[in-house]
Amino acid sequence: MSSSRRTQSERQFERALKVIPGGVNSPARAFGAVGGHPLIIDRGEGQYLYDIDGNRYIDFVGSWGPHILGHRHPRVISRIEEALKKGTSFGAPTLLETELAELVTELVPCVEKVRMVNSGTEAAMSAIRLARGFTGRDKIIKFAGCYHGHVDSLLVQAGSGALTLGTPSSPGIPQGCTADTLVLEYNDLDQLQETFEQQGDQIACLILEPVVGNMGVVLPEPGFLETIRELCSQNGTVFIMDEVMTGFRVSMGGAQQRFGITPDICMLGKVIGGGMPVGAYGGKSEIMDTISPVGTVYQAGTLSGNPIAMASGIATLECLKETNPYPQLEEKTQRLTEGLRTAAAKSGLPHTLSECGSMFTLFFNPDKVTNYTISARNDTDLFARYFQGMLDRGIYLPCSQFEANFTSAMMNDDDINQTIQAAGEVLQEIA
């Protein structure tokens, strides 16, 4: 479909620009990196999105990861409606909070206790504070290209929107906020070991995405996660896995289960809320009991553990646990990515493709992407043309070369074949 069939979206976006900065409530939704204006979505149904002009799209964004079961899964909607009839928020404990916490501690290897919050950013902020309070140290390690929300101390060489928009850090962050943040290159073992040799006794925590989704999908090289676990243990450093994206997505127990590496703390989000705004951080009881009201590290939230969000998360995790869609979902994703590889090879365009579970990225880059430096060389102009061509053919992709694509359990053979055919046509056009 051409942009002329998206006139309502164009008109309503102009309306939004008058009252919302940039017309969007998150820069990840802006089309600045690909041109044009974002679609205004009316509804989701299964594996599809519908815009306000009535156009249907196969959805590879999935609300940026949560909708592994597809949009409006009947069991999730039913549980939300049941909770909604009792009220929206109480500012007091409910059984739903404990029920979701029990599911998380059962399913995620490192989690003995968990604290619910409202977003991945809030989980990151809280986990960093907890690690510093637990160790009595100030320095933290993060990796270039890993994005952990818009936390001041972590918005340094971040990926995703920061990379797309060419602003790897942000004005408004005092220099002092990042003075204790050590930024290393992802997958660089020598740099990692050298840093711990020099400053290991000062490092409160190391935080990373075990599979990066914010400079495109980038996998850990063999030995990388294992070495991190070993160095953190040797130096008394808290190892934090940011599983906001990978949790319940690359396997039932997240990346830590998939790779067999257990962190001290992990952060969760996206799938854990089934599309509702939920975040969480959890880990060893010894560390988690440092949080108030048991310990002295303060963290609070008026709407944390919101009953509607808890109900959505419970239904989602129960459904995943009972149906185990992961083998079939991974098989579907592999069939799709093989088709994309073939189409890209026929076009002659420089490319690589990376995938893990139901996450993938087609990079317009001749080199295997293993870190931020290589990912920054992606041909974003080519991606922009690819994105628009796919959108015109009813395929809704993330509007950035540096974001992960997500498949859902609802996608079928026709969806996969349509996507491969569309990619073949577009790649030939832009070659």
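Numbers below:
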{"read-out": "Of all residues making up region 408-431, the number that are of a type outside the set (A, V, I, L, M) and in contact with a strand residue (DSSP E or B) (Cβ under 8 Å, 6 or more places away or on another chain)", "value": "4"}
{"read-out": "First in region 415-431 and acidic (D, E), second anywhere and assigned to a helix (DSSP H, G or I), Cβ under 7 Å, 6 or more apart", "value": "E429/G389"}
{"read-out": "Qualifying residue in region 219-227 (condition: assigned to a helix (DSSP H, G or I) and open to solvent by 10 Å² or more (accessible area, probe 1.4 Å))", "value": "yes"}
{"read-out": "Qualifying strands (runs of 3 or more DSSP E) (wholly inside region 40-152; at least 1 residues being under 30 Å from Q418 (Cα atoms) and under 22 Å from the mean Cα position of the chain (by Cα))", "value": "41-45, 48-51, 56-59"}
{"read-out": "Residue count for region 310-340, restricted to those that are in a helix (DSSP H, G or I) and open to solvent by 70 Å² or more (accessible area, probe 1.4 Å)", "value": "9"}
{"read-out": "Near pairs, Cβ below 9 angstrom, 6+ apart or cross-chain, from region 116-130 (open to solvent by less than 10 Å² (accessible area, probe 1.4 Å)) to any residue that is among the basic types (K, R)", "value": "A123/R115; S126/R115; L130/R115"}
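The values are calculated or read from the model by the stated rules, or taken from the named source; none is laboratory data. Remember, it's a predicted structure, so these values are computed and weren't measured experimentally. Cβ atoms come from the backbone with ideal geometry, glycine included; neighbour counts cover every protein chain shown. Ligands, DNA and RNA are excluded from the accessible area calculation, which covers all protein heavy atoms including side chains. Shrake-Rupley method; radii C 1.70, N 1.55, O 1.52, S 1.80 Å.
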